[in-house]
1. What's the local net charge at A172, with K and R +1, D and E -1, over the other residues with C-beta under 12 Å away?
2. Express in whole angstrom the spacing between the alpha-carbon centres of the stretch 122-201 and the stretch 227-259.
3. Ignoring ligands, DNA and RNA, how do R260, R163 rank by accessible area with a 1.4 Å probe, largest first?
4. Helix-only estimate, please: 222 nm mean residue ellipticity of the chain, summing -39500 (n - 2.57) across DSSP H runs of length 4 or more and dividing by its residues, to the nearest 500.
5. Whenever you get a sec, line up E118, E103, E97 from highest to lowest accessible area (probe 1.4 Å, protein heavy atoms).
6. Check which residues have an amide H placed less than 5 Å from V59's amide H, if you skip close sequence neighbours.
7. At 20 °C and a viscosity of 1.002 mPa s, what translational diffusion coefficient does Stokes-Einstein give for the stretch 89-231, taking Rh as the Kirkwood radius over Cα pairs? Give it in µm²/s as a whole number.
8. Could you work out the local net charge near R30, counting Lys and Arg as +1, Asp and Glu as -1, over the other residues with Cβ closer than 12 Å to its Cβ?
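The values are calculated or read from the model by the stated rules, or taken from the named source; none is laboratory data. Computed from a predicted model, the values in this text were never measured in an experiment. In this analysis, Cβ positions are derived from the backbone assuming ideal geometry, glycine residues included, and neighbour counts consider all displayed protein chains. Just the protein is used for accessible areas: all its heavy atoms, side chains included, with ligands, DNA and RNA removed. Shrake-Rupley method; radii C 1.70, N 1.55, O 1.52, S 1.80 Å.
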Amino acid sequence: MLLTTIRQLWQPDIAIDLGTATFRVAVAHRRLPFSAPSTPASSCGGIVVPQALARGVVVDVEAAAEALRPILHYLRRRGLNQPRALACAPSDTTAQERAAVIETCRRAGVKDVVLMPEPVAAALGDGADYASTRPILLLDIGEGVTDCALIRQGRLVDAAACRVGCANLRAAVQKAVDRWCGIRLSDTEAIRLINRVGMGHSAEDASGMPPLRLVPIPDLSRTGDLPLPVGIVQEALRPVMGHMVMTVLSLLSTWPGLRRELAQEGGGADTGSGMRVSGGGALIPGVAEHMAAAIGLPVRAVRSPLGAVVQGARRVLPLVAGGDLWKELGDRP
Ligand SMILES: Nc1ncnc2c1ncn2[C@@H]1O[C@H](COP(=O)(O)OP(=O)(O)OP(=O)(O)O)[C@@H](O)[C@H]1O
Ligand SMILES: [Mg+2]
C-alpha cells in the first residue's frame, strides 16, 4: 500500500522530447503528442533569437524553456499544474548536458524531471518488448544528432553517436547547389530535393535520371527553372550519410556475435529485432535500403519516425518510479 502510494507520488505526468528541430510533449491520457518548434516564435519577423539547441543538446537554457512554456501553459489551463516529467536526451550526453535538459524543463514549469536515453525511448515507442532479451539495434537520425543504441530488455547496453543529422544533409545540399549555380536554397527547398533524390539509387541509376527542376530565387539574372543533375545532390549526401553509417559500424564492431544474433532474428520483421531507424532521417526515401546495404543487415524504419521517442517515453510513464532512471536505463557496464 505504502509502496503504491510512493510510486504514484513519483510517477511522471508527461513525457518530453527536446529535439534540435522540434519539442514534443505527450501526456498519459492523450495519444497525440503536442509539438512546438525548438526556436521560440519570437524569432520570426527578423528578430534574432539565440538558438535553443544545437546538435542534439540544449545550448541556451532560457531560449529552450521559452519554447517549451506554451505547451506547459496549455496543459496548466487544463488542470495539469507543475507536472513531473520523463524527458529524453541523446545517449552520448555528458552530465552537464543532461543537467541543461533538467534545468530547461524546470524553468518551463516542470516540478521534477527524470531522464531516459532517446534511442531506448524510440525502440519502446516502436513497440519493442521491454521484457525480451533479444537485441535491438536502433538508429535515431534527428535534426542534429545520429544516435545508435544496442538495447536489451528495454535498457541501453551500448551506444555510439555522432553530432551529425538532417541539418547537415540539408547544409551539404545547399552548399553543393550554391557551388554549382550560385543559388542559396531555403531549408524547405533542400528537403524537397533530398526527398526527390533519396538514398536508394546507385550513381549509375542517378546518371540516367532526368535532372531536377530548380526554381531559382527571383533575381535579375535568372528566370525560369534550372536543370540540376541528380548526381550533385547524391554526391553531397554521401559523405554525411557515411558518418552515420560509420557510427553504426563502430558499435557493431565492438560486439562480436551481435551481427549474427540480429540477422537470426530476421531484422526487419515486425516481431524480430535487427536495425530500426527513427527520427526525421528515417523519412528520407531509400534510407533503410542504403543503411542495409552499407551495414550488411536488414533495416526498417519504425512505424512513426518523428513521434517514436516521445511515444516510447509516454509508454513507460506508468512504470517510472522516480530515482535515477538514467542509471537504470542508460548506464553502460
Ligand atoms: N517528411 C520528411 N522527409 C524528409 N525529412 C524530413 C521529413 N520530415 C522531417 N524531416 C527532417 O527531419 C528533421 C527533424 O527530425 P527530428 O524531428 O527527428 O529531429 P529532432 O528530434 O528535432 O532533432 P534531434 O533528435 O537531432 O535533437 C527536419 O528538420 C527535416 O530535415
Ligand atoms: Mg530527436
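1. Once positives and negatives cancel, what remains is +2.
2. 10 Å
3. R260, R163
4. Values: 11 runs with 129 residues, N = 333.
My calculation for the chain gives -12000 deg cm²/dmol from helical runs alone.
5. Ranked list, largest accessible area first: E103, E97, E118.
6. Correct list: L53, A54.
7. Numbers: Rh = 18.5 Å.
Value of D from the Cα-based Kirkwood radius: 116 µm²/s.
8. Net charge in that neighbourhood comes out at +2.
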